[in-house]
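Written below as structure tokens is the structure these notes are about.
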Amino acid sequence: MQPTVNYLNLEYLLVRMRDIAVTVHGSFGSIPADITALITGIFIVGMVASLALIVLIVYAQMKLMHTEHAGFSAMEEKELERKTADVEDFGRNDRWDTIVKLASSSAHGDWRRAILEAERELVLT
């Protein structure tokens with residue numbers, strides 16, 4: 001299994017393009033110098049345009065990853081808030097609120113009733 005390549009070897013690409021330009025420039029001796037200069041100029045402009053496009057693509061990819069990360073972070077925060085709200089709403093129990101109210105009372109009878117109700121709640125769950 002071959003390892004994956006996670007980079008672009010720009011130096012090799014530019015050297016190969018220059019070699020092609022030199023080969024085209026030197027191999028056709030019967031072509032006038034103006035035409036070979038034009039072809040060389042086109043190669044150079046093409047290399048510069050390719051480099052500019054590569055830089056633009058890398059910038060766009062980085063910006064996309066940053067935006068995507070920010071979006072996922074915001075989505076996770078909203079999900080966490082929703083889950084927290086659901087847990088708080090789920091934690092509400094009228095019977096338990098009654099037990100807490102009875103336990104907070106100053107009457108001894110209410111305390112006993114709170115203990116009995118709490119025990120019943122624990123047995124039921």
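Before moving on, here are some points about what is shown:
- Maximal additional length on extending the Leu116-Phe72 stretch stands at 11.0 nm, based on 0.36 nm per residue less the C-alpha distance.
- Two-site FRET efficiency, Val55 against Ile20, from Cβ-Cβ distance with R₀ of 25 Å, rounded to 0.05: 0.70
Throughout, read-outs are computed from the coordinates displayed, never taken from laboratory work. Note that the coordinates shown come from a computational prediction; the quantities given were computed from them, not determined experimentally. FYI the Cβ positions are ideal-geometry reconstructions off the backbone, even for glycines, and counts take in every protein chain you see.
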